[in-house]
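Reading through the structure tokens given below for one structure.
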Amino acid sequence: MAATTTASSSCVKVPCKAAPLSKSGCAAIAAGVTNEACKLDTHPVIQACIGETASYSCPANNNIKAATVPDFVSAAAVKCKPCSGKTGMNPMDLDTRPDHVWLSLQWGPLMNDKAAFVEADISGYSIDAVDSKDRILTNMAMVSKVTSSSTCCTNDLYSVIIQKNIKESKAYGMSKLMITPYFKMGVGSTARIAYLPMGMLTDVIVDVTAGLASTVEGSFTMKVSDVEEFKTNKAVNMALREAVADTIKGVEKDSIHINGISSVDVPTDNTRRLMPQPGSVKVDYTIMLPASYAGEPIKAASISPTKLMSAINTRIAAKGIVGVSVTEAPVIAVTKATSIGKPMATAGAHRNAALGFFAALLGLSALLK
């Protein structure tokens with residue numbers, strides 16, 4: 001039989017898609033080309049944090065898809081970042097299961113290189129998983145802007161818990177997390193969400209895979225002054241985490257995730273749709289207790305309803321949220337505790353075994369003398 005040959009065609013390189021935030025001149029950057037004079041939109045955030053032009057580069061071997069976003073050439077060209085990131089942006093994974101993470105992030109308001117706050121025109125922050133080259137893999141969370149009248153850097157103005165299965169959330173290959181401001185561009189039918197090309201990066205994320213941790217799931221139901229605002233205001237979510245931590249001894253807000261806030265009963269008076277409607281809400285939460293936790297088991301009785309009500313109202317007021325409060329002490333539901341991970345063999349046990357063996361050898365040596 002005669003040999004069969006297959007002709008192979010060379011890979012065809014394709015241009016990248018239009019550079020983000022560009023106004024003109026960067027509609028389709030060719031593969032392997034860097035455009036150092038992309039003219040940017042005149043949006044206040046872009047002008048304050050980058051300027052009038054920026055450099056973008058299309059990867060040299062871009063032969064897969066034309067939807068590839070060109071790389072922003074210099075991270076240093078973005079002149080704005082959150083004024084402070086707690087603990088050096090080194091989030092510790094509390095979930096000891098492989099490929100699962102529980103990470104807590106905290107940061108302050110956006111500031112430029114002239115030490116001026118520039119949050120007025122942003123809508124919030126996007127938390128993204130990035131690879132080792134700082135390219136975005138997938139979004140992990142969105143955090144809405146918090147209104148604050150403070151003129152100081154409040155390093156915990158924003159906080160979020162990233163609770164994810166890495167594989168299921170398409171974050172496999174994640175190296176770090178990036179906190180990037182987002183804002184609205186355009187009006188009406190042309191309105192869209194835009195992002196600064198680079199944000200603040202955390203240190204490299206380490207997936208902890210040893211140790212026996214536990215989760216506590218629970219809920220509480222309470223009457224509030226404005227159900228919709230309570231459910232949708234992201235600052236309320238942060239206040240709830242802080243309030244639960246205030247109420248339970250030995251638990252930090254870094255260990256608390258608000259799974260959801262749902263309506264229990266709301267008046268159906270259509271004439272009051274535009275007015276705050278009181279009613280009841282149910283708050284579902286999860287507490288992650290790390291392997292190092294040495295406190296008492298967390299049960300419904302661990303949470304004082306009156307103390308929780310006071311803590312929620314205090315935390316909500318501290319965030320400048322007006323017209324929202326808890327009007328009746330919460331009813332605390334029974335909690336459910338679950339162990340996760342595996343007990344970690346301690347180094348001490350290995351050392352003790354070695355020392356015991358060495359002692360036995362010395363004893364045998366003495367008998368043989």
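Values in this text are rule-based calculations from the coordinates and carry no lab data. Just so we're clear, the structure is a prediction, and the values are computed from it rather than from any experiment. All Cβ positions, even for glycine, are placed from backbone atoms using ideal geometry, and neighbour counts span all protein chains on display.
Computed on the chain, with alpha-carbon pairs under 8 angstrom and 6+ residues apart, the relative contact order is 14 percent. For the residue pairs Lys231/Lys319; Lys184/Lys231; Lys13/Lys79; Lys282/Lys336; Lys114/Lys145; Lys39/Lys234, the C-alpha atoms sit more than 25 angstrom apart in Lys13/Lys79; Lys39/Lys234. Restricting the range 281-331 to trypsin sites (Lys or Arg not before Pro) that sit in a DSSP loop and have at most 15 other Cβ atoms within 10 Å of their own Cβ leaves Lys299. Between Asp121 and Val12, the FRET efficiency estimated from the beta carbon spacing at R0 = 41 angstrom works out to 0.50.
Working from label points 7 Å from Cα in the Cα-to-Cβ sense, the Thr34 to Asn165 distance is 4.2 nm. When only the Cβ of Lys, Arg, Asp and Glu is charged (+1, +1, -1, -1), the dipole of the range 211-342 relative to its Cα centre reaches about 140 debye. Using θ = phi - 60° in the Karplus curve 6.51 cos²θ - 1.76 cosθ + 1.60, the 3J(HN,Hα) couplings for the range 247-254 round to 8, 9, 5, x, 10, 9, 5, 4 Hz; x is entered for Gly and Pro. Computed extension length for Ala317-Asp284: 9.7 nm, one decimal, from 0.36 nm per residue of separation with the Cα-Cα distance subtracted. Counting beta carbons within 10 Å around each of Ser74, Ser175 and listing the fewest first gives the order Ser74, Ser175. Within the range 125-218, the trypsin sites (Lys or Arg not before Pro) that combine a DSSP coil assignment with at most 12 other C-beta atoms in a 10 angstrom radius are Lys133, Lys167.
Estimated at 0.36 nm per residue, the fully extended path between Thr147 and Ser263 surpasses their Cα-Cα distance by 39.3 nm.
Amide H to amide H distances under 5 Å link Gly124 with Lys145, Tyr182, where only residues 5 or more positions off or on other chains count and H is placed in the peptide plane.
Dipole check for the chain: with +1 at the C-beta of Lys and Arg, -1 at the C-beta of Asp and Glu, and the Cα centre as origin, the magnitude is about 360 Debye. Between Thr221 and Lys249, the simple spin-label model (points 7 angstrom out along Cα→Cβ) gives 3.0 nm.
Can you work out the FRET efficiency for the pair Val331 and Met185, with r the C-beta to C-beta distance and R0 = 51 Å, to the nearest 0.05?
Numbers: r = 45 Å, r/R0 = 0.88.
Plugging the Cβ-Cβ distance into 1/(1 + (r/R0)^6) gives 0.70.
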